[in-house]
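Let me begin by presenting the structure, written as structure tokens, before commenting on it.
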């Protein structure tokens, strides 16, 4: 019922592939497992009966991933029209992440900038486009070695051709919107909001376009050739970086103390070796530019280079947002807030990757399968957002609430030659959850006893 209210069931369609896709979305919400586990879940929850499906096994679900990938753009467009109608938003948020793969056989698998901390694992790159409120409108999967800027053109095409929007503003993280991407946005009369890198900030400071005192204001704005730069220093980030450096420095001092004790106790030990190992440790901690390990005869010491320290800490907490949105359209504060809204996409990725929906690791092999898999996760996230909205006043997460609702079990009744499933009336938290989601359970459900089965060998 919630999926229908959201327009998800209608966007997928009432034919068998659409119903299988809807089950894949439900299964991702209920149990973040493989296609095999989705089949087992369907058997235990009578999914085929409830959705009006003929028997299926995991091979059908893998084939359905290809169907999802093939029809993805049409489904996204239906959901977009359902969400926004004729009032398309004027602002979209975009960010990129990666997800590692198990195995090396997927055609999109490649080594690239790894955000998962999984060394030696090939990966996929995922680009997520959302509306201004953070609700996904499109997701794309790229080869694992695709750089962030190279994913942007596809999103511009999706907005301009797929959704038919015009004169919108795309918000992207620093380093993503470079000259070719900005030119592509200009060709479609799109605006942008992004941020510049620390190296670019230093260059603008060097040329005199920026002055350090501007970062001390709540928000400062500098306009250069019709491009607006909004400058700010985040005090909380300053404190975090200072604490992080202090922790690293303390770790180096502790190791130095251990090395010095060893040298004192072992007169034949080589002090140069101890110093070199400390230098390597400082490099590992990335503090070697300003924390220098010295050696005088057999005594180790630590010196802080004041000039290097000043360069290191100069831009702590500083960031610069760049945009060419006209001043009479948006204030500096509004542009700043729109850029900070990218945190909503980052939150979606956390749910996608390591939160409730757990997109990784991915085992599928064909090109269509990861595209369908990621799209199914995006649709599940839309549904999760909707449920989280309904249950926002209850002391429970979506995952906990779904587990609780799983305790509602039907009772099979057979009267004469008619078999049905009696649905008990929910009580307690289950009743609150269903009421908040505006869902009323029927008294009985038809029982076709459609069995699903698994196969021992599956070609993916």
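The values are calculated or read from the model by the stated rules, or taken from the named source; none is laboratory data. In this text, all values refer to a predicted model and were calculated from it rather than measured experimentally. All Cβ positions, glycine included, derive from the backbone under ideal geometry; neighbour counts span all protein chains shown.
For segment 184-203, a residue qualifies if it is surrounded by 13 or more Cβ atoms within 10 Å (Cβ to Cβ) and either outside the structural domain of residue 166 (by TED's automatic domain parsing) or without any contact (Cβ under 8 Å) to a residue 40 or more places away in the chain (or both), and the qualifying residues are 184, 185, 188, 190, 203. There is at least one residue in segment 275-284 that is assigned to a helix (DSSP H, G or I), within 12 Å of residue 248 (Cβ to Cβ) and touching a strand residue (DSSP E or B) at 6+ places or on another chain (Cβ under 8 Å).
Identify the residue in segment 346-362 that is part of a loop (DSSP other than H, G, I, E, B) and surrounded by fewer than 16 Cβ atoms within 10 Å (Cβ to Cβ) and, among all such residues, is modelled with the lowest pLDDT. It comes out as 361. For residue 181, the conditions (1) touching a residue at least 60 places away in the same chain (Cβ under 8 Å); (2) surrounded by 19 or more Cβ atoms within 10 Å (Cβ to Cβ); (3) more than 21 Å from the chain's Cα centre (by Cα); (4) under 20 Å from residue 147 (Cβ atoms) all hold with the exception of (1).
Is segment 331-345 home to any residue that is part of a strand (DSSP E or B) and either surrounded by fewer than 17 Cβ atoms within 10 Å (Cβ to Cβ) or at negative phi (or both)? The answer is no; no qualifying residue exists.
In segment 383-402, the condition of being more than 22 Å from the chain's Cα centre (by Cα) and at pLDDT below 85 is met by no residue.
Just to confirm my filter: which helices (runs of 4 or more DSSP H) fall fully inside segment 17-119 and include at least 2 residues that are in contact (Cβ under 8 Å) with a residue 40 or more places away in the chain and closer than 30 Å to residue 170 by Cα? Outline the logic, then answer.
Numbers: elements: 35-44, 47-51, 58-70, 72-84.
Filter on segment 17-119 gives 58-70, 72-84.
Kindly establish whether residue 18 is outside the structural domain of residue 158 (by TED's automatic domain parsing), on the phi < 0 side of the Ramachandran plot and at pLDDT 85 or above. Criteria met by residue 18. Checked against the criterion of being touching a helix residue (DSSP H, G or I) at 6+ places or on another chain (Cβ under 7 Å), surrounded by 18 or more Cβ atoms within 10 Å (Cβ to Cβ) and either in the same structural domain as residue 151 (by TED's automatic domain parsing) or modelled with pLDDT under 95 (or both), segment 249-265 has no qualifying residue.
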